[in-house]
Protein chains: 2
Amino acid sequence: MRSRKMSLTNTLSTCFWVLGLLTSQVSASLNGTIPKRYGIVLFPAFDTTDVTGPLEVLNFIGLLHSTDVALLSDTLDPVSPEPKMMNKLNSSVWAPIVPTHTFDTAPEIDVLIVPGGPGARNPNITAVLDFIGRTAPNTKHVLNICTGSGISAKAGIMGGRKATTNKSAWTTITAYGPNTTWIPKARWVEDNSAEPPIWSSSGVTSGFDMMLQFVETFYSLQNATYISRLIEHVRITDPNNDPFAVNVDGTIL
Amino acid sequence: MRSRKMSLTNTLSTCFWVLGLLTSQVSASLNGTIPKRYGIVLFPAFDTTDVTGPLEVLNFIGLLHSTDVALLSDTLDPVSPEPKMMNKLNSSVWAPIVPTHTFDTAPEIDVLIVPGGPGARNPNITAVLDFIGRTAPNTKHVLNICTGSGISAKAGIMGGRKATTNKSAWTTITAYGPNTTWIPKARWVEDNSAEPPIWSSSGVTSGFDMMLQFVETFYSLQNATYISRLIEHVRITDPNNDPFAVNVDGTIL
């Protein structure tokens, strides 16, 4: 009898611990609810994994929680990651992604994801910049992947914020955000100083780490651990652990 | 004059060192040439990054070396990674990929890439199995990503070979290859015991490590280092370093 009581006590205390863990991980910025509606902007010469890395994590989140991802572009034509100007050898190694919505028909978005890639340097993506500029203030979170933080800077939403970006593109991208505090040693940066919170990752595959941290923060540690195990991703969980850190001037540390 | 001679000697010795490095890394199985023609098979409910991880690496290889990737399916209809049977919450979080060729119009292939995903368990992918079975013997290399090794096993090309797979799917996938030696502790496995060599990775993101090892082996260490820096991927370079290793029966170590 005594052991059954102990067991019940243990179970209850575990439940409360789990409940506490869960509630402590729900951010006020998402109003106590987990995110449901994601939007990913697409533009010519995006980096493949800047888009598909977050999608990979959301592919599993979608099996655990009702979730929608809108793939957004200025038209519904397939968008290619091919950086045409750089493809001197005429290779064919890029798989286009087909948008689900145009910028004009975009649904409501809780979390806006801005990927990077060679196209981040393209001056002719004004439709993308306009969309980010007018949409970001109405979202609950912005996630910049890789050089996507340069696009968000050009869209005018990074002023007074801290951020990071791909260390191989440091000088070019940081110049897009003269009023942004750029962190040269960070696997990712969480700026929660204003609404919406804006997080930004380092290059490409660091997006997995930021995205799993986002899951840990706004869903649960259990979900993040479950997904990282399924995709066998060796997580970097400390945002200050940056194996590709640079000096402030962009030179390799 | 003496210093110019010294400098010439140094340059020549550097050249030979580089040449030596390059030639030592060219495998006989690719007849001394780097691969040019890749084929990736697609089927319903493939895992997104099983396809786009290798593509990410090839996106950069294509800028350094003339390279073509054929995206292959039984029709030219877009192929979705959505595992319909598992999508109980009716989420929309999957981005289809549009094939470039059907299995019947496939070009010549040097390197065949077989991704995995929930669809690896689908008994109704006979067109995929037929294609792999008749194509693999004419390729110079097969790369299985994640549970793709289970598909290759069902296609009949893994008999007498050693391989690994996603450790979360160990029992199901290894049962598809009763005559395969399954390695429960390996980030990836290189079977070079017969033609074509068949390599297989563990789950999803381990495909980056195997693909970069493939680049290091058949292109150059410089190419692999360059790409891993650009995509900020923290490489695991020892195939025996498996953070997700299991026991032989599939239980967690």
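The values are calculated or read from the model by the stated rules, or taken from the named source; none is laboratory data. Everything numeric here is computed off the predicted structure, so don't read it as measured data. Cβ atoms come from the backbone with ideal geometry, glycine included; neighbour counts cover every protein chain shown. Heavy atoms of the whole protein, side chains included, go into the accessibility calculation; ligands, DNA and RNA do not. Shrake-Rupley method; radii C 1.70, N 1.55, O 1.52, S 1.80 Å.
What the table below lists for this structure:
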{"quantity": "Using alpha-carbon coordinates, inclination of helix B:221-230 to the longest axis of chain B, degrees", "calculated": "60"}
{"quantity": "Probe 1.4 Å, all protein chains present, accessible-area order of B:Leu55, B:Leu64, B:Leu230, largest first", "calculated": "B:Leu64, B:Leu230, B:Leu55"}
{"quantity": "Averaged over A:48-58, number of beta-carbon atoms from partner chains that fall within 10 Å", "calculated": "6"}
{"quantity": "Charge-dipole axis of the range A:91-188 as Lys and Arg at +1 and Asp and Glu at -1 on Cβ define it, positive-most pick from A:Pro184, A:Thr126, A:His101", "calculated": "A:Pro184"}
{"quantity": "Accessible area of the range B:36-113 belonging to carbon and sulfur atoms, whole % at 1.4 Å probe", "calculated": "58"}
{"quantity": "Using alpha-carbon coordinates, inclination of helix A:126-135 to the longest axis of chain A, degrees", "calculated": "30"}
{"quantity": "Stokes-Einstein D (µm²/s) once Rh is taken as the Kirkwood radius of the range A:150-253 over alpha-carbon pairs, at 20 °C in 1.002 mPa s", "calculated": "151"}
{"quantity": "Amide H contacts of A:Val114 (H built 1.01 Å from N, under 5 Å, at least 5 apart or other chain)", "calculated": "A:Leu143, A:Asn144, A:Ile145"}
{"quantity": "Residues losing 20 Å² or more accessible surface upon assembly, the range A:158-180, compared with the chain by itself, 1.4 Å", "calculated": "A:Asn166, A:Ser168"}
{"quantity": "Charge dipole (chain B, unit charges on Cβ, about Cα centre) - positive-most of B:Leu230, B:Thr139, B:Thr174", "calculated": "B:Leu230"}
{"quantity": "Rounded to 10°, Cα long-axis angle of helix A:206-218 versus longest principal axis of chain A", "calculated": "40"}
{"quantity": "For the protein assembly as shown, size of Cβ-based charge dipole, Lys and Arg +1, Asp and Glu -1, in debye", "calculated": "1100"}
{"quantity": "Volume of the Cα convex hull of the range B:43-111, divided per residue and given in Å³", "calculated": "96"}
{"quantity": "A from B by rotation - nearest chain B beta carbon to the axis, in Å", "calculated": "B:Thr52, 2"}
{"quantity": "Buried area at the A-B interface (accessible, heavy atoms, 1.4 Å probe, summed, Å²)", "calculated": "4200"}
{"quantity": "Residue order for B:Ser66, A:Ser152 - accessible surface, 1.4 angstrom probe, largest first", "calculated": "B:Ser66, A:Ser152"}
{"quantity": "Antiparallel DSSP beta bridges within chain B, percent to nearest 5", "calculated": "25"}
{"quantity": "Inter-part distance where the range A:194-253 and the range B:142-216 are each reduced to a Cα centre, Å", "calculated": "28"}
{"quantity": "Those residues of the range A:203-217 for which accessible area with every protein chain present is at least 10 Å² below the isolated value (1.4 Å probe)", "calculated": "A:Gly203, A:Val204, A:Thr205, A:Phe208"}
{"quantity": "Dipole in debye (nearest 20) - the range A:100-232, about Cα centre, beta carbon charges: Lys, Arg +1; Asp, Glu -1", "calculated": "460"}
{"quantity": "Cβ-defined net charge surrounding A:Asn122, 11 Å radius [Lys, Arg +1; Asp, Glu -1]", "calculated": "+3"}
{"quantity": "Where chain B is the region considered: accessible area per residue in Å², 1.4 Å probe", "calculated": "42"}
{"quantity": "Equivalent ellipsoid semi-axes - Cα gyration tensor, the range B:64-160, angstrom", "calculated": "24, 17, 12"}
{"quantity": "Signed unit charges on C-beta, dipole axis of the range B:127-248, positive-most listed residue B:Tyr219, B:Ser200, B:Ile151", "calculated": "B:Ile151"}
{"quantity": "Surrounding net charge for A:Ile151, when Lys and Arg each add one and Asp and Glu each subtract one, Cβ distance under 13 Å", "calculated": "-1"}
{"quantity": "Shortest-first distances to equivalent copies, position A:Arg37, nm, label 7 Å out along Cβ", "calculated": "4.8"}
{"quantity": "Alpha carbon convex hull of chain A, volume per residue in cubic angstrom", "calculated": "144"}
{"quantity": "Out-of-range pairs (alpha-carbon distance over 20 Å; input A:Lys88/B:Lys36; A:Lys84/A:Lys185; A:Lys36/B:Lys88; A:Lys140/A:Lys162; A:Lys162/A:Lys185)", "calculated": "A:Lys84/A:Lys185"}
{"quantity": "Overall Cα dimensions of the protein assembly as shown - principal axes, largest extent first, Å", "calculated": "74, 63, 47"}
{"quantity": "DSSP bridge pairs, the protein assembly as shown: antiparallel proportion in percent, nearest 5", "calculated": "25"}
